[in-house]
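The values are calculated or read from the model by the stated rules, or taken from the named source; none is laboratory data. Model, not experiment: these values are computed from the prediction. Virtual Cβ from ideal backbone geometry, glycine too; neighbours counted across all protein chains shown.
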Amino acid sequence: MLSSADQYLLDEVVTLVRNALGSDVIGAYLFGSAVLGGLRHESDLDVLAVSKRPTTAQEKRGLIQSLLSISGQMTPQGRLRRVELTIVVESDVKPWRYPPRMDFQYGDWWRTEFESGAIEPWAAAVNPDLSVLIAMTMLNGKTVFGPRPEEVFDPIPHDHVIRAMIDGISGLRDDVDTDTRNVILTFARIWSTVATRIIRSKDAAAEWALERLPEAYRPVLSRARANYLGDEPERWEDLKDRIHPFVDHVVSEIHGLLR
C-alpha cells in the first residue's frame, strides 16, 4: 500500500500522462519496488504507460518540465520520491519482438540532460531493458487505469528477460563509479534472476546474493543494500578498492551460470 505522499505522486504522474496523450493513452501500470515488497527509502516510483501513438516533441517537453518539478523535489506534501516513467507505443511491443522500442522515458539519472533541454537523451529508442520492465509489470504490476497487463502485452519469453539483463552489463560497468549503489544492486538482481528465474526486488536480490558471496565482497553489497533501505548514508571511499572486484566476481558468476 502506498503512503499518502506516494499516492499523491502517482496521481500527479498519471494526470500528466493523461493530459499529454488524451484519449490515445491505453493504460498505466505501477511496477517495481512498489509491488515487490514495498517502496524502500531510495526506491523510485516506477510507472509504465502504453499509448496508441508516439508522443510529439512538444508533449515530451511538457512531460519533462512537469516531472523535473516533482521528481525527488520538496513539495507541501514533503520530499517526493524520484519518478521513473516509461511510455511505449502498443504497436512497438505487440506482437512481441526483441529488442523492444520505447517512446519516452523520464528518470532522474538524466536530470542534467533534461535541464539542458534534451528531450531524448538516450542513445537509441531500442531499449532491451524494456523486456525486464514489461515482464515485471505482467508478473506483479498493478493496474492504475486501463486493461490488465496481460490484455495489453504479449508474454515475454524468459530468455529475452535474461538476454536483456546480459545486454545491459556493459552499460552497468560504465556507470559503476557514478551510480554505485544502483549498479551494485542491479548486478545482484541479474545474478539472482539468472540463477533462480525469479525477478526479486533489489533488497531481496541483495539478501539472496549476500549468502553466496565470498566474505571479501559482502561489505560492498551490504553497504549498497543499507543505503537503499535508508539505514546508512551513501559513502564508498572506504570500500572503493573492492567495488570493481565485486562486479568482476558477480559477472563471472553470471556467465558461469549461462555456460
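Matching residues to (1) in a strand (DSSP E or B); (2) within 30 Å of residue 231 (Cβ to Cβ):
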{"position": "17", "(1), (2)": "no, no"}
{"position": "23", "(1), (2)": "no, no"}
{"position": "33", "(1), (2)": "no, yes"}
{"position": "36", "(1), (2)": "no, yes"}
{"position": "48", "(1), (2)": "yes, yes"}
{"position": "53", "(1), (2)": "no, no"}
### Query
Can you tell me which residues in the range 112-154 are within 14 Å of residue 100 (Cα to Cα) and more than 19 Å from the chain's Cα centre (by Cα)?
154
### Message
Being out of contact with any Phe, Trp or Tyr (no Cβ under 6 Å at 6 or more places or on another chain), in a helix (DSSP H, G or I) and under 22 Å from residue 132 (Cβ atoms) is true for just one of 10, 63. Which residue is that?
### Response
10
### Query
Across the range 202-211, what is the total count of residues that are in contact (Cβ under 8 Å) with a residue 24 or more places away in the chain and out of contact with any Lys or Arg (no Cβ under 8 Å at 6 or more places or on another chain)?
2
### Query
For the subset of the range 218-259 comprising residues that are outside any helix (DSSP H, G or I) and of a type outside the set (D, E, K, R), which member is farthest from residue 176 (Cα to Cα)?
230
### Task
Return yes when residue 109 is among the aromatic types (Phe, Trp, Tyr) and under 17 Å from the mean Cα position of the chain (by Cα) and no when it is not.
yes
### Query
Where residues in the range 82-117 are free of Cβ contacts under 8 Å to residues at least 40 places away in the same chain and hydrophobic (A, V, I, L, M, F, W, C), which of them is nearest to residue 27 (Cα to Cα)?
89
### Task
Determine whether residue 53 is of a type in the set (Lys, Arg) and under 21 Å from residue 109 (Cα atoms).
no
#### Entry: Any hit, the range 50-63, residues being modelled with pLDDT under 95, surrounded by 18 or more Cβ atoms within 10 Å (Cβ to Cβ) and assigned by TED's automatic domain parsing to the domain that holds residue 129
no
### Message
Suppose we filter 230, 141, 146, 168 for residues that are of a type in the set (Gly, Ala, Ser) and buried (at least 20 other Cβ atoms within 10 Å of the Cβ); which single one remains?
### Response
141
### Query
When residues of the range 66-98 are filtered for being assigned to a loop (DSSP other than H, G, I, E, B) and either surrounded by fewer than 16 Cβ atoms within 10 Å (Cβ to Cβ) or at pLDDT below 95 (or both), how many remain?
10
### Query
Within the set of pairs 6+ apart or on separate chains, which have a first residue in the range 18-46 that is over 16 Å from residue 87 (Cβ atoms) and at pLDDT 95 or above, a second that is acidic (Asp, Glu) and assigned to a helix (DSSP H, G or I), and C-beta atoms under 6 Å apart?
none
